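Novice: I'd like to ask some things about the structure below.
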Amino acid sequence: MSEDYKRFLKKQGIELSDWEKATLFYNNRQLLYDDVIWGLLDIAKHTSDEVLKKQIEDRLSRNKELYEGFQKREKDTYYVLSVWSDTKKYEEQGSYLDFVTARQQGKEENTKFLIEKRAFECIEAGSGKVLGGMEFDEQGYRKNRFWLYSTVVGEFAGDIDNTSFEDKHVKLPLMFRRGDIVHIIGTELYGIVDAPENDEEEEQYITVAEKGDYSDFQVPVNLMYEGQKFLSVFSHEHCAPTDIEYARLDEQDNRKGFLEYMKKTLYEKSFVTGPGRDKERFDEILSKLEKVWNQYPDLRLGQLLVIVCGKSDLFMIEDEELLERLQYNQFPIE
C-alpha cells in the first residue's frame with residue numbers, strides 16, 4: 001500500500017514471491033473484501049505454483065460457504081449502523097433487528113455510513129450454526145475481512161496454519177525507525193514510530209515474528225492525530241510495515257510543528273536529559289499575563305494569546321519571546 005515502502009523494497013533488491021503477495025493481499029486491512037477476492041483470483045490465474053493456486057481456490061471456496069451461511073441467517077442476528085462523524089471516523093449510531101431499517105436510518109444521516117451484521121454470541125455450542133460478522137458500506141459493498149466460523153467444526157476463517165498461504169510468515173525488513181513521523185495508509189492517523197531504534201533491534205523484532213508473535217513484529221506507532229483531531233501522546237497502534245508512509249504535511253500545518261516537537265520530547269536524548277527549563281518562569285509569565293488580561297477582560301484567553309503571538313506559531317513560540325511580547329509588543333503594560 002505504501003509507495004515509500006515499495007521504493008524501499010526495490011532499493012533493497014527485494015522481490016516478493018507469489019506466496020508472499022498472496023499472504024499480504026489476503027491480510028490487508030485497508031482493502032474491500034471484494035477487492036481481496038479479485039486480487040487473489042488474479043494471483044491464482046498467473047502463478048505457476050499449483051499448490052498455491054489450489055490453496056487460494058480452497059480458501060475462497062470455504063469463505064464463500066461460510067459467508068453464504070451467515071448471509072442467509074436472520075435469527076439471532078442484528079445490524080449495527082456506524083456514521084461518519086466530525087472526528088473523521090465511523091462512530092456507532094445504533095443497533096437494528098433488520099438490514100432495511102438500518103440502511104434507511106443511515107440514508108437519513110446524509111453522510112457516509114457502514115452497516116455491520118453481527119451474530120449474538122450466546123449460541124449453544126455445537127448448534128451447527130454459522131457465527132460471525134461482516135461489514136458493508138453505504139453502497140452495499142463488503143468492507144475489509146469478515147470473520148466467520150461454523151460452531152460444529154469450530155473452524156475460524158482465520159485459523160493459524162503455517163502451511164497455508166494466509167498464515168505464512170512473510171519476512172519483511174522494517175524501513176522505519178524510532179522517531180520517524182508517519183501517516184498510516186487508508187486512515188487519517190498521524191504519529192511517531194516507537195520502534196525499532198536500530199538494525200539490532202529490528203533483528204530482535206524479526207526473531208519474535210518468526211516464533212509466531214506477529215503483533216509484536218508490527219511497527220508500533222504513537223498516534224498523535226486523527227485528521228485535525230489531537231488524540232494524545234499515549235494513543236498507540238501496531239501497524240504492518242507495508243501500511244506506513246512518511247507524513248507529508250505543509251510547513252503551515254500546525255500538526256507538523258507539534259509532531260516535530262514531540263519527536264524531540266520523546267526520542268532525542270539530548271533534549272530530554274538536558275538541564276530543562278526553569279520553573280521559576282511560571283510566576284513571571286502568569287503575573288504579566290494577568291496584568292494584560294485585566295486591561296482587556298472581554299477577550300477569551302485563547303484570543304488574547306493569539307493576538308500577543310501575532311503571526312508567530314503559538315505552539316512553537318518560546319516563553320522568553322512570549323514574555324517580551326506581553327511586556328512591549330501588542331499590549332504595553334506600563
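None of the figures in this text is laboratory data; all of them are computed from the coordinates on show. Since the model is a prediction, treat every value here as computed from it, not as a measurement. Backbone-built Cβ (ideal geometry, glycine too); neighbour counts: all protein chains shown.
Novice: Which order results if 282, 99, 113 are arranged by neighbouring Cβ count within 10 Å, fewest first?
Specialist: Working: 282 11, 99 16, 113 21.
Ordered by Cβ neighbours within 10 Å, fewest first: 282, 99, 113.
Novice: Among 168/263; 45/75; 112/256; 107/168; 53/171; 54/107, which pairs are too far apart, with a Cα-Cα distance over 30 Å?
Specialist: Flagged as over cut-off: 168/263; 45/75; 107/168; 54/107.
Novice: Sticking with this structure for a sec: Near the amide H of residue 94, under 5 Å away, which other amide H atoms are found, from residues 5 or more places off or on another chain, if H is placed in the peptide plane?
Specialist: Distant-sequence amide H within range of residue 94: 81.
Novice: Residue 222: net charge of surrounding residues, Cβ under 15 Å, Lys/Arg +1, Asp/Glu -1, itself excluded?
Specialist: -2
Novice: Moving to a separate point now. Pull out a ≥ b ≥ c, the square roots of the eigenvalues of the alpha-carbon gyration tensor of segment 281-328, then state rounded if a/c is under 1.5, prolate if not and a/b is larger than b/c, and oblate in the remaining case.
Specialist: Cα axes put segment 281-328 in the oblate bin.
Novice: If you don't mind, there's one more thing I want to ask. Can you list residues whose amide H is under 5 Å from residue 236's amide H, if they're 5+ apart or on another chain and H is modeled 1.01 Å from N?
Specialist: Residues meeting the criterion, in which the H sits 1.01 Å from N, are 223.
Novice: Take peptides 245-256, 181-192 and line them up by average Cβ neighbours within 10 Å, highest first, as a rough protection proxy.
Specialist: Numbers: 245-256: 13.8, 181-192: 20.6.
For the peptides 245-256, 181-192, the packing ranking is 181-192, 245-256.
Novice: Counting other beta carbons within 10 Å of each residue's own, what order do 23, 101 fall into, fewest first?
Specialist: Details: 23 20, 101 13.
Fewest-to-most Cβ neighbours within 10 Å comes out as 101, 23.
Novice: Please report 316, 224 as a ranked list, fewest other C-beta atoms within 10 angstrom at the top and most at the bottom.
Specialist: The most exposed by this proxy come first: 316, 224.
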